[in-house]
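Structure, as structure tokens:
The values are calculated or read from the model by the stated rules, or taken from the named source; none is laboratory data. Computed from a predicted model, the values in this text were never measured in an experiment. Here the Cβ is made from the backbone with ideal geometry for all residues, glycine too, and neighbour counts use every protein chain on show.
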Amino acid sequence: MIQINELTKVYKLTKKQMMEHKTKKNMMKAVDKLSLTAKPGEIYGLLGPNGAGKTTALRCIATLLKPTGGDITVKGYDTVKDSEKVRKTIGFLTNEIKLDPQFSPKYMFGFFGRLHGLNEKAIEERREKLFNYFDIKDFEDKKIEELSSGMKQKASIAVSLVHNPDVIIFDEPTNGLDIITARNVTDYLKLLRDEGRTVIISTHIMTEAEKLCDRIGIIINGVLAMEGTLKEILEQTQTKDLEDAFFELFKIHNKEEE
Amino acid sequence: MGGTKNIIKKELTRVFTDKKMVISLFILPGVLIMVMYSIMGGLISNLEKDIEAHIPTVYIQNAPEGLDSIIDAVDYNGYITYLNTSDSTNHINDGILKGEIDLLVVFDEGFIETIQNYEEIGDPIPEVRTFYNPSEDYSNAAKGNFTASVLYSYQQSLLAARLGNIEQLQVFHIDRDPEAGVIVDEGKANGKFLAMLLPFLINIMLFQGAMGLGMDSITGEKERGTLSSMLLSPIKRSEIVFGKLISLGILTSLSAVIYTVSVVIGIQRLGGGDLGAMASIKFTPIQIIQLFALLIVLVYLYVSLVALVAVYARTQKEAGSYVTPLYILVMLGSILTMFSSSGEKGIEYYAIPVYNGAIAMQDLLVGELTMAKFGVTVGSLALLAFLITTLVTRAFNSERVMFNA
């Protein structure tokens with residue numbers, strides 16, 4: 001269970017960043033009073049355009065960033081006060097976090113397994129299971145720098161799940177994957193959901209959200225514009241598909257910002 | 001501290017399983033240092049041999065009677081041209097300036113007569129003047145050789161002629177066998193030479209090692225995005241910091257040992273084996289412990305200093321430009337010891353980080369490091385390193401530093 005309560009995250013901008021964002025304000029609100037709950041046994045999808053605040057929100061859940069306002073609990077643990085316990089519970093995957101290119105997937109799997117306090121036997125069992133599922137066996141001893149981006153992504157996913165976490169946070173999990181591997185990953189996420197785990201993902205791919213997520217939160221400019229099942233969202237926006245619904249909401253919320 | 005151990009193991013594996021890294025960090029610099037010093041040594045000894053083999057061109061004006069027989073007697077080897085009083089020496093001076101002629105020796109007119117007419121105090125004494133160019137190696141050597149062999153022997157022979165018995169002038173001998181009279185603590189004498197060189201070398205080598213490795217292991221990992229994956233593990237940030245610092249410390253010490261040994265081997269060839277006596281330096285067990293403790297805190301300080309810079313830098317290039325001023329400071333601190341007199345220094349000097357490490361090592365090598373000085377040195381270095389470690393840990397906890405957020 002993930003509970004986000006009025007999460008606000010403000011970044012202080014350096015002069016260079018202010019130029020990049022073309023703003024004169026030295027503060028940027030990436031997430032604004034975001035509240036949501038992701039429950040065990042469901043896949044929650046954060047849907048939004050680039051820069052909407054999805055990654056920031058996920059990083060706050062993963063204890064990498066501290067909220068400016070509000071709070072987050074994961075399985076009852078506060079992400080600031082009990083950050084170590086939160087990290088023990090979660091499996092976090094994001095594009096910017098990479099595995100050391102000089103090592104093999106096998107070594108990295110063992111390394112992170114040990115950091116999570118697993119013994120060698122448990123690591124081997126987990127490795128057997130995950131490497132088989134994601135077809136990593138063939139290149140488990142190759143250096144990560146020699147792998148294709150799809151292989152790398154598979155290895156990263158396996159490593160992030162080494163400790164069999166109850167809560168899974170995936171930032172754009174199918175990014176850069178070919179269609180077969182992408183299906184492989186989404187299938188595995190469904191499997192995890194069916195095992196009763198809490199899964200939260202971010203995506204900007206509408207079809208992925210439609211097919212995969214049990215509940216969807218649409219986030220625009222750091223604000224949760226709408227939340228619900230696909231059916232609920234379509235009803236409320238009176239649209240036929242998620243893409244139309246998204247643009248309806250985008251029109252309203254982008255205007256508000258201006 | 002299981003996390004720390006795990007990280008140390010990974011960091012060491014990373015370096016030692018990478019052939020390129022082992023070669024570029026340990027083997028290549030060691031070989032290069034050795035080759036560099038050996039070539040320097042070879043060139044210097046070639047130069048010396050060349051000077052020895054050179055036959056000087058010497059002009060002698062007003063050569064007195066009997067000088068040529070002395071020149072033959074001492075077997076002086078040179079192209080000698082004799083000049084008369086009336087000959088001009090201007091073109092010879094020009095030649096000496098240009099390095100074409102090595103030496104001009106001018107005897108006073110009536111040299112022998114003046115000597116023979118000497119009777120009592122106040123009578124004139126003739127002079128021999130030598131003209132040479134000290135910036136020309138050949139000329140410099142020619143003057144020294146001519147004076148020592150020809151002129152000195154000539155003087156002795158004239159003295160013998162005047163007094164009949166030269167021993168009357170000798171009165172007593174001073175050290176007929178100078179070597180036999182040398183009473184010296186071999187260890188201390190060798191230590192003195194090493195004491196000048198080693199602290200400088202060790203300081204520089206340690207910092208250099210820490211610099212290369214630290215930037216890759218911290219800024220590099222940050223840049224590659226591999227550090228964040230470690231930040232996601234359920235361990236304390238301080239465990240990661242210690243894992244990084246300790247593994248860096250181990251690698252730095254190793255590279256410093258390799259560099260220092262290469263320098264010593266290289267210099268040995270350079271100095272024609274003068275340092276061979278190095279093995280004769282004997283340390284007491286306490287001195288060995290002191291040296292060890294000193295090196296450990298120095299490594300700790302340098303590694304934490306580099307880590308602090310590396311953690312704040314966004315790219316390795318940036319880290320490189322931040323760390324250079326520190327490198328210069330460390331160099332300055334250690335160069336100071338090379339040229340300072342060996343006089344007693346006040347205890348307060350031993351509280352100046354970096355400099356204190358160098359002077360303490362210097363004292364240690366000549367056996368003059370007191371416990372108080374050792375304590376102040378190690379204490380102040382360790383305190384500073386600890387403070388810096390706290391700052392590094394704080395930076396690891398800062399999302400702004402880690403994620404640029």
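Residues in the range B:96-133 that are farther than 30 Å from B:Leu159 by Cα and free of Cβ contacts under 8 Å to residues at least 12 places away in the same chain: B:Lys98 alone.
For beta carbons closer than 7 Å, sequence separation of 6+ or different chains, a first residue in the range A:205-222 that is closer than 14 Å to A:Lys33 by Cα and a second that is acidic (Asp, Glu) and modelled with pLDDT under 90, the qualifying pairs are A:Asn221/A:Glu257. Being within 12 Å of chain B (Cβ to nearest Cβ), among the small types (Gly, Ala, Ser) and more than 25 Å from A:Glu208 (Cα to Cα) is true of A:Ser104.
Restricting attention to the range A:144-151, does a residue exist that is within 12 Å of chain B (Cβ to nearest Cβ), closer than 19 Å to A:Leu192 by Cα and either at pLDDT 95 or above or buried (at least 20 other Cβ atoms within 10 Å of the Cβ) (or both)? Show your work before the answer.
Here is the first cut: in the range A:144-151, the residues within 12 Å of chain B (Cβ to nearest Cβ) are A:144-145.
Restricting the remaining residues to those that are closer than 19 Å to A:Leu192 by Cα gives none.
No, the conditions are met nowhere in the range A:144-151.
Within the range B:222-258, if we keep just the residues that are within 11 Å of another protein chain (Cβ to nearest Cβ) and farther than 23 Å from A:Cys60 by Cβ, the residue that is surrounded by the fewest Cβ atoms within 10 Å (Cβ to Cβ) turns out to be B:Arg224.
Among the residues making up the range A:20-66, those that are part of a strand (DSSP E or B) and among the charged types (D, E, K, R) are A:Lys29, A:Asp32, A:Lys33, A:Glu42. Of the residues making up the range A:237-251, those that are touching a Leu at 6+ places or on another chain (Cβ under 9 Å) and either closer than 10 Å to A:Met206 by Cβ or part of a helix (DSSP H, G or I) (or both) are A:Thr237, A:Asp241, A:Leu242, A:Asp244, A:Ala245, A:Phe246. Taken over the range A:174-206, the criterion of being modelled with pLDDT of 90 or more and more than 15 Å from the chain's Cα centre (by Cα) is satisfied by A:Asp187, A:Leu191, A:Asp194, A:Glu195, A:Gly196. Within this structure, A:Ile97 fails the test of being of a type in the set (Val, Ile, Thr) and away from chain B (no Cβ under 14 Å). Looking at (1) within 12 Å of chain B (Cβ to nearest Cβ); (2) out of contact with any Cys (no Cβ under 7 Å at 6 or more places or on another chain); (3) over 20 Å from A:Glu195 (Cβ atoms); (4) touching a residue at least 12 places away in the same chain (Cβ under 8 Å), which one does A:Ile90 not meet, given that it meets all the others? Unmet condition: (3).
Figure legend. Inter-residue proximity from the range A:35-57: first residues over 16 Å from A:Met1 (Cβ atoms), second residues of a type in the set (Asp, Glu), beta-carbon distance below 8 Å, spacing 6+ or different chains. Indicated pairs: A:Gly45/A:Glu208; A:Gly53/A:Asp32; A:Lys54/A:Asp171; A:Thr55/A:Asp171. Please enumerate the residues belonging to the range A:122-142 that are hydrophobic (A, V, I, L, M, F, W, C) and either assigned to a loop (DSSP other than H, G, I, E, B) or touching a strand residue (DSSP E or B) at 6+ places or on another chain (Cβ under 7 Å) (or both). Across the range A:122-142, the qualifying residues are A:Phe134, A:Ile136. Against the test of being of a type in the set (D, E, K, R) and under 42 Å from the mean Cα position of the chain (by Cα), the options B:Asp108, B:Asp123, B:Asp94 yield a single qualifying residue, B:Asp94.
I'd like the full set of residues that are surrounded by 14 or more Cβ atoms within 10 Å (Cβ to Cβ) and either hydrophobic (A, V, I, L, M, F, W, C) or within 14 Å of chain B (Cβ to nearest Cβ) (or both), limited to the range A:115-132.
So the first thing to find is which residues in the range A:115-132 are surrounded by 14 or more Cβ atoms within 10 Å (Cβ to Cβ), and the list is A:115-118, A:122-124, A:126-127, A:130-131.
Across the range A:115-132, the qualifying residues are A:Leu115, A:His116, A:Gly117, A:Leu118, A:Ala122, A:Ile123, A:Leu130, A:Phe131.
Mind checking which helices (runs of 4 or more DSSP H) fall wholly inside the range B:309-405 and carry at least 1 residues that are among the hydroxyl-bearing types (Ser, Thr, Tyr) and surrounded by fewer than 16 Cβ atoms within 10 Å (Cβ to Cβ)? Break it down into steps so the answer makes sense when it comes.
Numbers: elements: B:316-339, B:355-365, B:371-397, B:399-403.
Answer list for the range B:309-405: B:316-339, B:371-397.
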